[in-house]
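Enquirer: My structure is below; once you've seen it, I'll send some questions.
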Amino acid sequence: MAGKTLYDKLWDDHLVAITDDGDALLYIDRHLVHEVTSPQAFEGLRLAGRKPWRIDANLATPDHNVPSAVEERVHGVDGIVDPVSKLQVVTLDENCDEFGIEEFKINDERQGIVHVVGPEQGATLPGMTVVCGDSHTATHGALGAIAHGIGTSEVEHVLATQCLRQRKMKNMLVKVDGDLRPGVTAKDIVLAVIGKIGTAGGNGCAIEFGGSTIRNLSMEGRMTICNMAIEAGARVGMVAVDETTLKYVEGRPYAPKGEDWDKAVAYWKTLHSDDDAVFDKVVELKAEDILPQVTWGTSPEMVASINDNVPGPDDFSEPVKKSACERALQYMGLKAGQKIRDIKLDRVFIGSCTNSRIEDLRAAADVVKGRKIAATIKEALVVPGSGLVKRQAEAEGLDKIFVEAGMKWREPSCSMCLAMNSDKLGAGEHCASTSNRNFEGRQGFGGRTHLVSPAMAAAAAVAGHFVDVNEILEGAQS
Amino acid sequence: MKPFTQLKGLVAPMDRANVDTDMIIPKQFLKSIKRSGFGPNLFDELRYLDEGQPGQDCSNRPLNKDFPLNFPRYQGASVLLARENFGCGSSREHAPWALEDYGFRCIIAPSYADIFFNNCFKNGVLPIALGAEIVDRLFQEMYATEGYQLDVDLEAQTVTTPSGEVIPFEVESGRKHCLLNGLDDIGITLQQADAIREYEAKRRKEAPWLFSRSA
């Protein structure tokens, strides 16, 4: 019998029941809750007279609607100017209070983007099943967990039953080996993977990211990669547990301690695919082939290297892709054949559940330190992923570096990743963004998003257009 | 949930690949704390020329006359014909809520994003996956025939075209059962409450740290 993949092992360990034709009931260890996708679920519970099955399995924090502006934040919930956003945050507070669910409220220092908060608190752990009404829940798979997004009906289902009805996904391995070039980061790896397999390449699959390049990444880097598994169509992205994982988890507030820690570690050390495990699909990349990536279109698969030109419809053979390219160029206001480097930027956004952790902020700060952002950049926002990331960054003086460079240092929230608060692009504006989606209108009506790493976003801020971050770091003046 | 059994409905096109859920229902409408009322904002950025706001009366907004859902011939459509990887991106269940509220009860496409596909079944919307060539042919027939209708029979798992061609489709048996009968998943799962408790008791012994969260 063939060995098991990491996904197989975690699936088996969480199986409550399964029918002959594969309809399974899977136990959920951790349910993360935010304000946007939960109100209708709580309302459903109330209407049916149901109670949460296991209250301590839930943890909530508001993030999508939360303002990033300091002026709004000092007044807590009352400071939220948009009444519709405010009602949603208030509703989360009320629902958590009513059902007794622990919540890091808006001005709690532990508040932040739910996918930054979970691992940071040790509330999401290796070996867990983690769900949240948010597709970027795949992030937590970096710890060696099954983690994925769910809709609001499933949020209600998990609250009421602590389980989900599921069918097993296929196993896919994305293997990246070798040493990364200077200036190339986890974000560039995952964008290159999406460019290779396409935005539907992982549909129906749980992707395990493996290989020496992934092994050598920090936990922050692994989270960035798993976060964007959904942009390759896979609900689940995961990385095997190793010493890096254990070091990251140890000592976090909600992580096990003492005897429990030893017991947990013994189990967690088994959380890797067996050598003879069989994957349904395998994709391999060489790290040395990956250059800094920039998306040019309106789907994350529309991505190129910094040295490339913007492609045109003639570069695609399938009619559907040709017309998608044509439409994307029109929306983005770009011409086929124009250099990626010549794309001029209006705004820069460093933040989101993909890239708002301390390491991301350090990478961006390294680039802008002692430099100024280009005069043509209207605004460059830096939005830390949580109150604790913010505190750490300030302790390291990163906030001062950003502000001295002409950037704005904000309060933790999802912010301009999806523009549910007041941080948004104007129509036609180009943005170098460390977020995860370049869909039409995502960052604001008519806004044009280019996805990049934090280092590349910072380099673009300095140059006013895209540039290889190495050129900035090597001292070439913009 | 409304049961889905049979549907004979007018077909409308969404003729592009990788339609994401941001496109189906833009983020500003996600601020609602209700499940209903999203229909007027379905495909908001494509349907209207201005930027929509939550709670706004859409009846006087400028329409994008080039967008098919605004064509007179597609008014009253209940079947949406779409392309590859429909519903990708965000997990927002507001996407099927908006489709359903607008009047779509069935989607036909070559493939779907996983979370969206799953969300449809929770809301009485049937997403049917057919081969890319078949979908392409349905697009051609639809464009050529004003008033083009399809007959969808979930029990029989068939789509019948106006010419009488019967196209079979696959659907998982559990999902089919729930959709046919309009059943709520939670009620079904709670019938297995003992199995869940048994699992928890076993797990509590094997992995106690999962049950003791103390900061």
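Enquirer: Find how much the distance from A:Asp289 to A:Glu94 grows on full extension, using 0.36 nm per residue of separation minus their present alpha carbon separation; answer in nm with one decimal. Don't skip to the answer; put the middle values down first.
Expert: On the way: separation 195, 0.36 × 195 = 70.20 nm, distance 5.07 nm.
In short, 65.1 nm is gained.
Enquirer: What FRET efficiency comes out for the pair A:Asn216/A:Arg167, r = Cβ-Cβ distance, R0 = 51 Å, nearest 0.05?
Expert: That gives a FRET efficiency of 0.90.
Enquirer: Suppose each label sits 7 Å from its Cα in the direction of the beta carbon; what would the A:Glu259-A:Asp275 distance come out to in nanometres?
Expert: The answer from the label model is 3.6 nm.
Enquirer: Roll a 1.4 angstrom probe over the protein heavy atoms and tell me the percent of accessible area of the protein assembly as shown that is carbon or sulfur.
Expert: Details: 12040 of 24270 Å².
Exposed carbon and sulfur together represent 50 percent of the surface.
Enquirer: Which log10 I(q)/I(0) values, to two decimals, does the range A:297-475 give at q = 0.08, 0.12, 0.14, 0.18 Å⁻¹ under the Debye formula with one point per Cα?
Expert: So the normalised log intensities are -0.23, -0.52, -0.69, -1.09.
Enquirer: Moving to a separate point now. Taking each pair of distinct Cα atoms in the protein assembly as shown once, what is the resulting Kirkwood hydrodynamic radius in Å? Before the final figure, lay out each step's value.
Expert: Values: mean 1/r = 0.0394 Å⁻¹.
Its Kirkwood hydrodynamic radius stands at 25.4 Å.
Enquirer: Indicate the gyration tensor shape class of the range B:6-183 (rounded, prolate or oblate), computed on the Cα atoms with a ≥ b ≥ c the square roots of the eigenvalues: a/c under 1.5 is rounded; otherwise a/b larger than b/c is prolate and the rest oblate. Intermediate values should be presented prior to the final figure.
Expert: Working: a/c = 1.83, a/b = 1.29, b/c = 1.42.
Oblate, since a/c reaches 1.5 and b/c is not below a/b.
Enquirer: How much mean residue ellipticity at 222 nm does chain A get from its helices, if each DSSP H run of length 4 or more adds -39500 (n - 2.57) and you divide by all residues, to the nearest 500 deg cm²/dmol? Display every interim value, and only then the final one.
Expert: Working: 17 runs with 157 residues, N = 478.
Mean residue ellipticity, 222 nm, calculated: -9500 deg cm²/dmol.
Enquirer: Report the gain in length on full extension from A:Asp242 to A:Lys322: 0.36 nm times residue separation, minus Cα-Cα distance, nm rounded to one decimal.
Expert: 24.5 nm
Enquirer: Roughly how many Å² of A:Val74 are accessible to a 1.4 Å probe, to the nearest 10?
Expert: Only protein atoms counted, so the area is about 100 Å².
Enquirer: Any idea how far apart B:Lys205 and A:Lys369 come out in nm if each label point goes 7 Å out from Cα toward Cβ?
Expert: Taking the two extended label points, one gets 5.5 nm.
Enquirer: Same structure again: Quick check: pseudo-label points 7 Å beyond the Cα along Cα→Cβ at A:Lys408 and A:Glu394, how many nm apart are they?
Expert: Here the answer is 1.8 nm between the modelled labels.
Enquirer: Continuing with this model, one more query. Interface A/B, total buried accessible area with a 1.4 Å probe, nearest 100 Å²?
Expert: Values: alone 18460 and 11780 Å², together 24270 Å².
In total, chains A and B hide about 6000 Å² from solvent.
Enquirer: If the viscosity is 1.567 mPa s and the temperature 4 °C, what Stokes-Einstein diffusion coefficient in µm²/s follows for the range A:170-299 when Rh is the Kirkwood radius over Cα pairs? Each step should come with its number before you reach the end.
Expert: Values: Rh = 15.6 Å.
Answer, rounded: 83 µm²/s.
Enquirer: How shielded is A:154-164 by partner chains, expressed as the average number of their Cβ atoms within 10 Å of its Cβ atoms?
Expert: Numbers: counts 8, 2, 4, 7, 2, 1, 6, 9, 5, 8, 3.
Other-chain Cβ atoms within 10 Å of each residue's Cβ, averaged: 5.
Enquirer: Gap in Å between the Cα centre of the range B:37-104 and the Cα centre of the range A:286-319?
Expert: So the separation of the two Cα centres works out to 30 Å.
Enquirer: Would you mind getting the accessible area per residue of the range A:382-458, heavy atoms of the protein chains only, 1.4 Å probe, in Å²? If you can, show how the numbers build up before the last one.
Expert: On the way: 1830 Å² over 77 residues.
Heavy-atom SASA per residue in the range A:382-458 reads 24 Å².
Enquirer: For chain B, set up a Gaussian network in which alpha carbons nearer than 10 Å are linked by springs, and say which option among B:Arg203, B:Arg35, B:Arg61 fluctuates the most.
Expert: Ranking B:Arg203, B:Arg35, B:Arg61 by mean-square fluctuation puts B:Arg203 first.
Enquirer: List the residues of the range B:168-200 whose accessible area drops by at least 50 Å² when all protein chains are present, compared with their chain alone, using a 1.4 Å probe and counting only protein heavy atoms.
Expert: B:Glu172, B:Ile186, B:Thr189, B:Leu190, B:Gln192, B:Ile196, B:Tyr199, B:Glu200
Enquirer: Amide H neighbours of B:Ile108 under 5 Å, counting only residues 5+ apart in sequence or on other chains, H built in-plane at 1.01 Å?
Expert: Answer set, sorted by chain and number: B:Leu80, B:Leu81, B:Ala82, B:Ile128.
Enquirer: Of B:Pro168, B:Pro127, B:Pro72, which is the most mobile in a GNM of chain B whose springs link Cα atoms less than 10 angstrom apart?
Expert: B:Pro72
Enquirer: Show log10 I(q)/I(0) for the range B:120-215 at q = 0.14, 0.17, 0.22, 0.26 Å⁻¹, two decimals, from a solvent-free Debye sum over equal Cα scatterers.
Expert: Values, matching the q order: -0.70, -0.86, -1.12, -1.28.
The values are calculated or read from the model by the stated rules, or taken from the named source; none is laboratory data. Just so we're clear, the structure is a prediction, and the values are computed from it rather than from any experiment. Cβ sites come from the backbone with ideal geometry, for glycine too, and all protein chains shown count toward neighbours. The area values use the complete protein model at the heavy-atom level, side chains included, leaving out ligands, DNA and RNA. Shrake-Rupley method; radii C 1.70, N 1.55, O 1.52, S 1.80 Å.
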